[in-house]
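K.L.:
Have a look at the structure that comes next, please.
The values are calculated or read from the model by the stated rules, or taken from the named source; none is laboratory data. Keep in mind that this is a model prediction, so the values were computed, not measured. All Cβ positions, glycine included, derive from the backbone under ideal geometry; neighbour counts span all protein chains shown.
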Amino acid sequence: MALAESFEHTDDIHPIDLVEHIALHHAWEFDRIHDDQIAFSVKGQWRTYAITLAWSAYDQTLRLICTFEMEPPVDRMAELYECLNLTNDMCWAGAFTFLADQKLMVYRYGLVLAGGQFAGSEQINSIINTAVLNSERFYPAFQLVTWAERTPKVAIQVAIAEAYGRA
């Protein structure tokens, strides 16, 4: 059964309830942190990605955050940031940032549902898949820049090839 077949009237369903349904559908272990927040992990080819989705009724936004640990050498940080700029130019939706204090690479996406809009299960599944696919796609470039000491322009060529793995 397709994800959409489970819900006929998604406008009556809280977005995090839909995310929980998707996690159950994929057999992902999850933690319903709060009524408006859920966290789970998705195993990729390169890493296991920690994903959190949170609903803000005030902003009417469903925010996705996908993270993975990275500990780049301090002397390669300028190149990593340059690689992030090149990476974000290639992302149609969402963007990466590096949180140096927490040693986390973060992919963020906000789905704005203002004006009474609602997210369907396929739409939510799609943003989760996009987060994992982009993380899988650009992970090798980040590694090449930080550990193989390649230039960002050379490293990003790896990401131009087809994405690795799937959610």
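K.L.:
Consider GLU71 carefully, then state whether it is charged (D, E, K, R) and part of a helix (DSSP H, G or I). Spell out the reasoning first.
P.N.:
Working: charged (D, E, K, R): yes; part of a helix (DSSP H, G or I): no.
In short, no.
Residues checked against (1) crowded, with 17+ Cβ neighbours inside 10 Å; (2) at pLDDT 95 or above:
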residue: ASP36; (1), (2): no, yes
residue: GLN45; (1), (2): no, no
residue: TRP55; (1), (2): yes, yes
residue: TYR58; (1), (2): no, no
residue: MET77; (1), (2): no, yes
residue: ASN85; (1), (2): no, yes
residue: GLN102; (1), (2): no, yes
residue: ARG108; (1), (2): no, yes
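K.L.:
Could you list, in sequence order, the residues of the range 112-143 that are surrounded by 20 or more Cβ atoms within 10 Å (Cβ to Cβ), among the aliphatic types (A, V, I, L, M) and within 18 Å of CYS91 (Cβ to Cβ)?
P.N.:
Passing the criteria: ILE127, ILE128, ALA131, VAL132, ALA141.
K.L.:
On the given criteria, is ALA54 of a type in the set (A, V, I, L, M), closer than 24 Å to PRO140 by Cβ and in contact (Cβ under 8 Å) with a residue 12 or more places away in the chain?
P.N.:
On the way: of a type in the set (A, V, I, L, M): yes; closer than 24 Å to PRO140 by Cβ: no; in contact (Cβ under 8 Å) with a residue 12 or more places away in the chain: yes.
Considered against the rule, which asks whether it is of a type in the set (A, V, I, L, M), closer than 24 Å to PRO140 by Cβ and in contact (Cβ under 8 Å) with a residue 12 or more places away in the chain, ALA54 comes out as no.
K.L.:
Could you pull out the residue among TYR81, TYR139 that is under 14 Å from the mean Cα position of the chain (by Cα) and among the aromatic types (Phe, Trp, Tyr)?
P.N.:
Numbers: TYR81 fails: under 14 Å from the mean Cα position of the chain (by Cα).
Exactly one of TYR81, TYR139 is under 14 Å from the mean Cα position of the chain (by Cα) and among the aromatic types (Phe, Trp, Tyr), namely TYR139.
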